[in-house]
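Just below is one structure, and these are the notes that go with it.
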Amino acid sequence: MKPSRSPFAPVAGLLAALAILFFGLPAFADELADLQAAIKARGARWQAGDNPIVRLPQEKRKALVGLIKKHEPEEAEPLTAAAEPLTALPPALDWRNNNGNWVTPVRNQGTCGSCWAFATAGALESYQLRLKNTPGVDLNLAEQVLVSCSGAGSCSGGYIGAASNYIRDTGLPLESCYPYTATNGSCSNACSTVFSATYDIDSWAYVCTTSPTVSALKNALYTYGPLVTTMDVYSDFYYYKSGVYHYTSGSYQGGHAILLVGYDDTQQAFLAKNSWGTGWGLNGYFWIGYDQLAPNSATPRGCEFGYYTIAYQGANPAPPSPSCTYSVSPTGFTVPRLGGSGYKITVTASATSGCSSWKPSASVSWITISSPTEYVTGSGTVVFSVAPNFTRKVRVGTISVAGTTVTVTQKFK
């Protein structure tokens, strides 16, 4: 039995043909056709294809590669352990399937040059999963804090060493503390516990700097788990769809930071997690040949894959549950049509220390909070007013107070 065909398919095909006739092929289509021909001519082992990245304007594509290359020896000493191949090293390793999944989902940095933040945050997430033996958990940490608070970089690019220093010295909170905006943002927009309720590491070190070897990368990956690493991006890499990437053609775009998560000796390739969303590559991942570490005849500079690779070597436990809790009373109000002022909510802390800070906020404009207007730690009183109701119907608003939602219902007659 033949599969059914949509009655609209011929029409859609005709429209597509007419669009090409009148407007021409999209700009990337010619680039893709030329690249596919070059891949075939060179017998390369990867496939190029359409994806959301290649549909971006050239300047926005280039903004995706935001690694600032700079070796600062004082940041951390290179690792010296396991420089030679380990005797028990397996022929293949994938930390997504190594007695569990120790790699968090692929993220999307958007058109912000924050790859350096996503690579380091991803390494921290993987390390915390291994530390706490919680495979498969989506520990989502706030890359925006690295962009807006760390001083390690911005949407114009950043340093993986400086970002790792921040992760070691301060740590990262959960994504909910400062959801990613793909902009430089401001640290003042983060939650009140941005510097306290964090996940961090004890130390970090370079696996290698400017002379990476396949053995050193494999040994460190096997020993320490997923690693922060870097590469040079050429314009053909934007089109990667599947297979083992080798530079084929195109101009240099910039440095890029990614997360190294596996290798396969049969394919002679490393596996890495990118931060361009799941619509790019192999659901956000890519394979890259072992021979892309150093310059070769095809790429005089080489892709420099593996340069400045970093291992996270220790971590503190996750933030403990707070010893201080809050009770809020009352949790509901019914107010008259004309509204009024001086309504009060009492917040009581269960302890005198260890309390997180809180600040009340109203969900609607007709509720105005007069006190407090800044963050409070411990017990306090919320004072608010309600504007008259001229809507001729009951309306409901809420006030968020110390983790509790207080409902305000206003009559209309």
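Coordinate-derived values only; no laboratory data. Quick caveat: nothing in here was measured; it's all calculated off a predicted structure. Cβ coordinates were reconstructed from backbone atoms using ideal geometry, including for glycine residues, and neighbour counts include every protein chain displayed.
Some points to look at:
- Annotation: amide H of Ser249 within the under-5 Å range of Asp236, sequence separation 5 or more or interchain, hydrogens built in the peptide plane.
- Over all pairs of different C-alpha atoms, the range 47-314 has a mean inverse distance whose reciprocal, the Kirkwood radius, equals 18.3 Å.
- Under 5 Å, built H, 5+ apart or other chain: amide partners of Ala269: Asp264, Tyr290
- From phi via Karplus (6.51, -1.76, 1.60), per-residue ³J(HN,Hα) for the range 254-266 in Hz, x at Gly/Pro: x, x, 9, 10, 9, 10, 7, 10, x, 7, 8, 5, 5
- Calculated on the alpha-carbon coordinates, the convex hull of the range 326-410 measures out at 72 cubic angstrom per residue.
- Long pairs among Lys344/Lys393; Lys132/Lys273; Lys393/Lys413, criterion Cα-Cα beyond 19 Å: Lys344/Lys393; Lys132/Lys273
- Residue exposure proxy: Cys177, Cys303, ordered by other Cβ atoms within 10 angstrom of their Cβ from fewest to most, comes out as Cys177, Cys303.
- 15 Å beta-carbon shell around Thr229, net charge (K/R +1, D/E -1): +1
- Anchor Lys40: lysines whose Cα lies under 20 Å away (excluding residues fewer than 8 positions away in-chain): Lys241
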